[in-house]
Amino acid sequence: MRKPFSYILCLFAVAALCQAQEPKMSTHIAITPADVKWGQPPPSLSKGAEFAVVSGDPGKAGPFVIRLKFPAGYKVAPHWHPTDENVTVLSGTMALGMGEKFDPSAMKELSPGSFAVLPAEMRHFAMAKTAAVLQVHGMGPFVLNYVNPADDPSKASAQK
């Protein structure tokens, strides 16, 4: 009779611990598309993209939401992240492929409303088939590591 009680007590303790570690927000966030503040992308993305932080700080530990705006034909070379990447296509059409080499024949087209989860360290690449807007969320810090370091625009701009 005592074992079920101790298991239940243990479950409550684990639940309380998990809840205590969950970050608390002090205010709600409610934005419209017109409220999104677009700017230059981080140096790890090539020129031509636009970037907006919707919530959190992608450079720090904790939850974040960002948006990326790509022109048609924009490519992101094979790369990976140390954390999971959750992507929702808000507008336009993106193509997404898995692997260490950019292979258009291996890409899947994602239309508005499409969602993809890219587990930590999964090598992948992308291309905007049309002008597109993506929303990316996950746990930071959000880091982009290129499979081929020569593909990293931040390294190319540092060499100039």
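The values are calculated or read from the model by the stated rules, or taken from the named source; none is laboratory data. None of these values were measured; they are calculated from a predicted model. Positions of Cβ are backbone-derived with ideal geometry, glycine not excepted, and every protein chain shown enters the neighbour counts. Heavy atoms of the whole protein, side chains included, go into the accessibility calculation; ligands, DNA and RNA do not. Shrake-Rupley method; radii C 1.70, N 1.55, O 1.52, S 1.80 Å.
Side notes on the structure shown:
Matching residues to (1) closer than 29 Å to H28 by Cβ; (2) among the hydrophobic types (A, V, I, L, M, F, W, C); (3) in contact with a strand residue (DSSP E or B) (Cβ under 8 Å, 6 or more places away or on another chain):
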{"residue": "G62", "(1), (2), (3)": "yes, no, yes"}
{"residue": "L68", "(1), (2), (3)": "yes, yes, yes"}
{"residue": "H137", "(1), (2), (3)": "yes, no, yes"}
{"residue": "D152", "(1), (2), (3)": "no, no, yes"}
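- Residue match in the range 118-128 (condition: in contact (Cβ under 8 Å) with a residue 12 or more places away in the chain, within 17 Å of the chain's Cα centre (by Cα) and on the phi > 0 side of the Ramachandran plot): yes
- The residues in the range 129-149 that are over 17 Å from G99 (Cα atoms) and touching a Lys or Arg at 6+ places or on another chain (Cβ under 8 Å) can be counted, and the count is 8.
- Residues that are under 16 Å from K129 (Cβ atoms) and in a strand (DSSP E or B), drawn from the range 38-55: A49
- Filter result for the condition that a residue is open to solvent by less than 80 Å² (accessible area, probe 1.4 Å) and modelled with pLDDT under 95, over A34, A16: A16
- Pairing each residue of the range 45-67 that is free of Cβ contacts under 8 Å to residues at least 60 places away in the same chain with any residue that is among the charged types (D, E, K, R), provided the two are 6+ apart or on different chains, yields C-beta distances under 6 Å for E50/K69; A52/K37; A52/R67.
- Which numbered condition R2 misses (of (1) at pLDDT below 95; (2) under 14 Å from the mean Cα position of the chain (by Cα)): (2)
- Some residue of the range 143-152 being under 22 Å from T32 (Cβ atoms), surrounded by fewer than 18 Cβ atoms within 10 Å (Cβ to Cβ) and polar (S, T, N, Q): no
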